[in-house]
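What follows is one structure encoded as structure tokens, with my remarks underneath.
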Amino acid sequence: MKEFIESIILTGNYILSEMEERIQKMYVLGKLTEEEMTELLALAADHASDVMQIDVVAKLKDLEDRIYALEHPVEPDYAVWVPGYVTKQGEVVKFDYDNDGVLDLLRYDGGRSETTLRPGKIDGWHVVDAQGNILGTYYNGEFTPVNAEPTT
């Protein structure tokens, strides 16, 4: 059995992980000694062809998936703020601060590590765009654009 497996290994026409599995199976079945198994595993590793080890179909699938993800970016799935929701510092939530029926993105950047208060009830809330750029602040029900002076 050892000579037969050696002849296959010397061709280099095999996938290393599959050959290792076959050698180990032959050992478990008692068709190879432990010494023969060790020798064949080393021989298989030495004669494995790099070209045979690449799963071309899987590699193409991975590349197609990566290209698709780049061409079709998915907006992060932000939580919708509801009463009792715990917002962590730096977290973006969806909240209709301007009552136009469209959920806007607000990020809590205040001094607390987290808050359960409604957006705008305490200082530190920012209205942001999808890229996280600050468009303005939202405090006490008032939106102040980035370039505007805050009202007192």
- Query: Between Leu105, Val28, Gly124, whose Cα lies farthest towards the positive end of the dipole of the chain when Lys and Arg beta carbons carry +1 and Asp and Glu beta carbons carry -1, centred on the Cα centre?
  - Reply: Gly124
- Crossing angle, helix 34-47 versus the chain [Cα axis fit, 0-90 degrees, rounded to tens]: 70
- Query: Could you name the lysines in cross-link range of Lys31, using Cα to Cα under 28 Å and dropping any fewer than eight places away on the same chain?
  - Reply: Lys2
- Against the longest principal axis of the chain, how steep is helix 2-11, in degrees 0 to 90 to the nearest 10, with axes from Cα atoms? 60
- Whichever lysines have a C-alpha closer than 24 Å to that of Lys94, once near sequence neighbours (fewer than 8 apart) are set aside: Lys121
- Amide H neighbours of Ala79 under 5 Å, at least 5 residues apart or on other chains, H built in the peptide plane: list them. Lys94
- Dipole magnitude (debye, nearest 20) for segment 79-145, charges at Cβ of Lys, Arg, Asp, Glu: 260
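May I ask you to derive the relative contact order of the chain, considering only C-alpha pairs under 8 Å and at least 6 residues apart, and to give it as an integer percent? Don't jump to the answer; show the numbers that get you there.
Working: 189 pairs, mean separation 19.5, N = 152.
With pairs under 8 Å counted, the relative contact order is 13 percent.
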- Query: Using the Kirkwood formula over every pair of different C-alpha atoms, what hydrodynamic radius in Å results for the chain?
  - Reply: 21.0
- Query: Given labels modelled 7 Å from the Cα in the Cβ direction, how far is it in nm from Val74 to Lys121?
  - Reply: 3.2
- Between segment 123-143 and segment 1-54, the Cα center-to-center distance that results, in Å: 63
- Under 12 Å, Cβ to Cβ, from Ile134 - net charge with Lys/Arg +1 and Asp/Glu -1: -1
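Quickly rank 85-93, 22-30 as a protection proxy: mean count of other C-beta atoms within 10 Å, highest first.
On the way: 85-93: 15.4, 22-30: 13.9.
In descending order of packing, they fall as 85-93, 22-30.
Every read-out reported here was derived from the displayed coordinates using simple, explicitly stated rules and does not represent laboratory data. Nothing here was measured: the structure is a model prediction, and the numbers come from that model. Neighbour counts run over all protein chains shown; Cβ positions are idealised from the backbone, glycine included.
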